[in-house]
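Notes follow the structure.
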Amino acid sequence: MFQAARGTADILPSEQPYWRYVEKAITEITGLYGYQRIDTPVFEDTGLFGRSVGEYTDIVQKEMYTFEDLGGKSMTLRPEGTAPVCRAYLEHGMQNLPQPVKLYYLAPLFRYERPQAGRYRQHYQFGYEAIGEADPALDAEVIDMAWQLYRSLGLANLSLQLNSIGCKACRPAYLAALKDYYAGYDNLCKDCKARLEKNPLRLLDCKQASCQGMAESAPRGTEHLCKACTAHFSQLKEYLELLQIPFSLNHRLVRGLDYYTRTVFEIQPEEEGGQSTIGGGGRYDDLIEELGGKPTPGIGFATGIERIILNLKKQGLTVPETPGPRVVVAFMGEKAREEAIKLAARLRRTGISAIAAAGEKSLKAQLRQANALNVPYAVIIGEDEVKAGTVTLRDMAGARQETLASADLEERLK
Ligand code: HAM
């Protein structure tokens, strides 16, 4: 027997109400903040991700689903959504639109990770990008939107972690300070030894206990910001206070993708911390240029739908049921079968959801099926009803029955 691939999941009908609930909140919040939907292809030129996410990140080094297509081109199932959106922004000349261009997506992403609770090899992300504006007011708005999304879903006890990792001008000196600092330690884990050369920022969020102590007293990014980045960061903090969004400064927050500049942030369940981040984002002021455009700032955020649902369940939040069908049309005898098929079709055309019983089941078995489907009504047609042009309407909960003219059924049901 085949099974779903490791790290992937079927989203069964019983789970769908959670997905619909989250999607509805997404539609509302994106409308409120003026974002338009974009859907990009599931696979892209492999080079796009090395160029954007970064050659030395875990995502690019260890987690991509990369394959050669039949034309010999290297393709990758998208491991994240920001780079494809920026690619589309450039490809479709969106720099000529009024800026910032605000785009959102809800799409499956692929990362070859070690599966665990809330970590999959295919997961769905809601993400949004505001491209073309550097004002810290936009950083605050992007963070506010994430915060309000979770609030509208009813999630509580979340914490917003905030940091600034500087820009092209000030980052090199900071990286040098980090390298200097870590040079004094010879007990770095294997991964961090490699990161020290290629990606020293990532030493700060190493999950190894031995490295965490060192990271705690490492030089802080916010103490190495240039004047412009310092001003940007303090403006952002002021705006967040204005919007009454509580935040914690976290100098070890650097994020796992290399395109970030200045603002980085994550939203985490308070009691669990960084291991179970439900959403994260930040500014990427050099990314569009890196992809071949003219210098264009950008900022965005993304959150995993599975992680949102995990937290909804953990917090005991219930979601509205998806309404099931209202009527089962049951029948006795061949003549009545045709009538049942016609009647079910007639009901649907007037907007009443109906299931026509099928097969060779007894009336009792058809009614048992109606019970199992939890429909409020069954309509029963036998030979007598066919002759008389009537139907029997059964109220399933009260087990009461009445006979009425078939032509009056829609009116009665409404
Ligand atoms: P990310 O932090 O890699 O950021 O992913 C964003 C969110 O996607 C995570 O916080 C988590 O909720 C969810 N997620 C990531 N990987 C998995 C996984 N393997 N299984 C389940 N959920 C997962 C980005 O991808 C950036 N593109 C976000 C961004 C948008 N930055 C700027 N704009």
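Phi-derived couplings, Karplus 6.51 cos²θ - 1.76 cosθ + 1.60 at θ = phi - 60°, listed residue by residue for segment 393-408: 9, 10, 7, 5, 5, x, 6, 9, 10, 9, 10, 9, 4, 3, 5, 8 Hz, with x used for Gly and Pro. Per-residue ellipticity at 222 nm, computed for the chain from helices alone with -39500 (n - 2.57) per DSSP H run of at least four residues, works out to -11000 deg cm²/dmol.
Once neighbouring chains are kept in place and the probe is 1.4 Å, which whole percent of the accessible area of the chain is contributed by carbon and sulfur? Spell out each step's value before the answer.
On the way: 10620 of 20720 Å².
That fraction is 51 percent.
Inter-label distance, K198 to S217: 3.0 nm, where each label sits 7 Å from its Cα along the C-beta direction. Sort the chain into rounded, prolate or oblate with this rule: let a ≥ b ≥ c be the square roots of the eigenvalues of the Cα gyration tensor; rounded if a/c is under 1.5, and if a/c is not under 1.5, prolate when a/b is larger than b/c, oblate otherwise. In terms of gyration-tensor shape, prolate. Pick from Q148, Q61, Q235: which is most flexible by mean-square fluctuation in a GNM of the chain where alpha carbon atoms under 10 Å apart are linked? Result for the chain, Cα springs under 10 Å: Q61 fluctuates most.
When only C-alpha pairs under 8 Å and at least 6 residues apart count, what is the relative contact order of segment 178-271, in percent?
Answer for segment 178-271 is 27 percent.
Restriction of the GluC sites (Glu not before Pro) in segment 52-160 to DSSP coil positions whose beta-carbon has at most 16 other beta-carbons within 10 angstrom yields E55, E113.
Going by the alpha-carbon gyration tensor, a ≥ b ≥ c the square roots of its eigenvalues, is segment 106-233 rounded (a/c under 1.5) or, if a/c is not under 1.5, prolate (a/b greater than b/c) versus oblate? Because a/c hits 1.5 or more and a/b fails to exceed b/c, segment 106-233 counts as oblate. Since only T76, V328, S52 are under comparison, the one whose Cα sits farthest along the positive direction of the charge dipole of the chain, derived from C-beta charges on Lys, Arg, Asp and Glu, is V328.
Counting other Cβ atoms within 10 Å, keep those with at most 11, restrict to DSSP loop, and tell me which trypsin sites (Lys or Arg not before Pro) in segment 1-43 are left.
On the way: sites: R6, R20, K24, R37; in loops: R6.
Those that pass, being in a loop and sparsely packed, are R6.
Here's the picture: charge each Lys and Arg Cβ at +1 and each Asp and Glu Cβ at -1 in the chain, and of C189, Y104, V264 the one pushed furthest to the positive end of that dipole is C189. Here the spin labels are modelled as points 7 Å beyond Cα on the Cα-Cβ line, and at N371 and K314 they lie 4.1 nm apart. Only Lys, Arg, Asp and Glu carry charge here, each on its Cβ (+1 for the first two, -1 for the last two); on that basis segment 187-321 has a dipole of about 340 debye about its Cα centre.
Which whole-number percentage describes the relative contact order of the chain, with Cα contacts under 8 Å and a sequence gap of 6 or more? Spell out each step's value before the answer.
Numbers: 696 pairs, mean separation 64.1, N = 414.
Across the chain, relative contact order equals 15 percent.
Under a model in which nothing but the beta-carbon of Lys, Arg (+1) and Asp, Glu (-1) is charged, the chain shows a dipole of about 660 debye around its Cα centre. Maximal additional length on extending the E383-D135 stretch stands at 81.8 nm, based on 0.36 nm per residue less the C-alpha distance.
Please label the shape of segment 61-128 as rounded, prolate or oblate, based on the square roots a ≥ b ≥ c of the eigenvalues of the alpha-carbon gyration tensor (a/c under 1.5 means rounded; beyond that, a/b larger than b/c means prolate, else oblate). Write down the numbers at each step before the final one.
Details: a/c = 3.46, a/b = 1.41, b/c = 2.45.
Oblate.
Take the Cα of A397, step 7 Å toward its Cβ, do the same at D39, and the gap between the two points is 3.8 nm. Screening the chain for DSSP H helices whose Cα atoms reach 15 Å or more along their own axis and whose mean Kyte hydropathy is at least -0.5 gives 16-33, 136-153, 171-183, 227-242.
With all protein chains kept in place, the per residue accessible area of the chain amounts to 50 square angstrom at a probe of 1.4 angstrom.
Looking only at chymotrypsin sites (Phe, Trp or Tyr not before Pro) in DSSP loops with at most 16 other Cβ atoms within 10 Å, what is the longest site-free stretch of the chain?
Maximal segment without exposed cleavage sites: 186-414.
Subtract the Cα-Cα distance of K342 and H92 from 0.36 nm times their separation in residues, and report this length gain in nm to one decimal. List each step's numbers first, then the result.
On the way: separation 250, 0.36 × 250 = 90.00 nm, distance 4.96 nm.
Computed gain between K342 and H92 is 85.0 nm.
One chain, two ends: A358 and T322. Fully extended at 0.36 nm per residue, the span grows by 10.6 nm beyond their Cα-Cα distance.
For a modelled paramagnetic label at K73, 7 Å from Cα along Cα-to-Cβ, the residues of segment 89-112 in reach, with backbone nitrogen under 20 Å, are 89-93, 110.
Report the FRET efficiency, 1/(1 + (r/R0)^6), for R412 and L249, where r is their Cβ-Cβ distance and R0 is 60 Å, rounded to 0.05. Efficiency for this residue pair is about 0.40.
Here r is the Cβ-Cβ distance between A405 and S234 and R0 is 60 Å; the resulting FRET efficiency, rounded to 0.05, is 0.20.
Normalising by the residue count of segment 327-413, find the relative contact order in percent from Cα pairs under 8 Å and 6+ residues apart.
Values: 130 pairs, mean separation 26.6, N = 87.
Computed over segment 327-413, the figure is 31 percent.
The values are calculated or read from the model by the stated rules, or taken from the named source; none is laboratory data. Worth saying up front: this structure is predicted, and the values here are computed from it rather than measured. Please note: Cβ atoms are built from the backbone with ideal geometry, for glycine as well, and neighbour counts cover all protein chains shown. We work out accessible area using only protein heavy atoms, side chains counted, and drop any ligands, DNA or RNA first. Shrake-Rupley method; radii C 1.70, N 1.55, O 1.52, S 1.80 Å.
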